[in-house]
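Laboratory data are not the source of any read-out in this text; all were calculated from the coordinates shown. Given the structure is predicted, the values throughout are model-derived calculations rather than measurements. As a convention, Cβ positions derive from the backbone with ideal geometry for all residues, glycine included, and neighbour counts pool all protein chains shown.
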Amino acid sequence: MKKPITIVILLFITLLAVNSQNKQDKRNQLNAGIGLSGWGVPVYVGLDFGIHKDISFGIEGSFRSYNQNYTGSRYNSIITGLSGNVNYHFNRVLEIPRNWDFYAGLNLGYYFWSTNSNYPGNGSSGLGLGAQIGGRYYINNNFGLNFEVGGGNAFSEGKFGISYLF
């Protein structure tokens, strides 16, 4: 359990250090929504920090409940995840209008789950590398809708939600 906490603390310190640098033409955002997965429906919240005109770095947490039948018994698992991501935003190089944001990148995540005490499936994922492609449509200067597809981590089939720009 100490390993995930250490990872969270290091990611948070890195985010603060990166975000405290020059903010000119860089935008930060809060994202939240639901995901699609083979293990229940995850709910997520994340922060993305603009570290360059075309690059963002983010951290995201997710939570889901997953029910399954195993050897004739029904078990409910709680799965919690934490991941960091880096995305390249294509708007400037492709001259895409400001109310759209198209990006692709990589993520590194850690997921742990717990189940009833008599189920042999408690554990963690270890660190997992994934990739994503996504987009946002901003309804106004601060609020937008987001959609992302990817593979290799918790949201293997995708996610969608809202974004708040600050």
Ranked on Cβ counts within 10 Å of their own Cβ, fewest leading, Lys53, Lys159 go Lys53, Lys159
Quote to one decimal, in nm, the extra length available between Glu157 and Gln68 on full extension: 0.36 nm per residue of separation minus the C-alpha distance between them.
-> 30.1 nm
With each label point set 7 Å from Cα along the Cα-Cβ vector, what nm distance links Ile139 and Ser114?
-> 3.6 nm
Stretch Val149-Asn76 to full length: gain in nm at 0.36 nm per residue minus the Cα-Cα span?
-> 23.6 nm
Nitroxide proxy distance, nm - points 7 Å out along Cα→Cβ at Asn99 and Leu30 = 2.4 nm
So, by mean Cβ neighbours within 10 angstrom, what's the order for 67-79, 37-49, 84-96 with the highest one leading?
-> 37-49, 84-96, 67-79
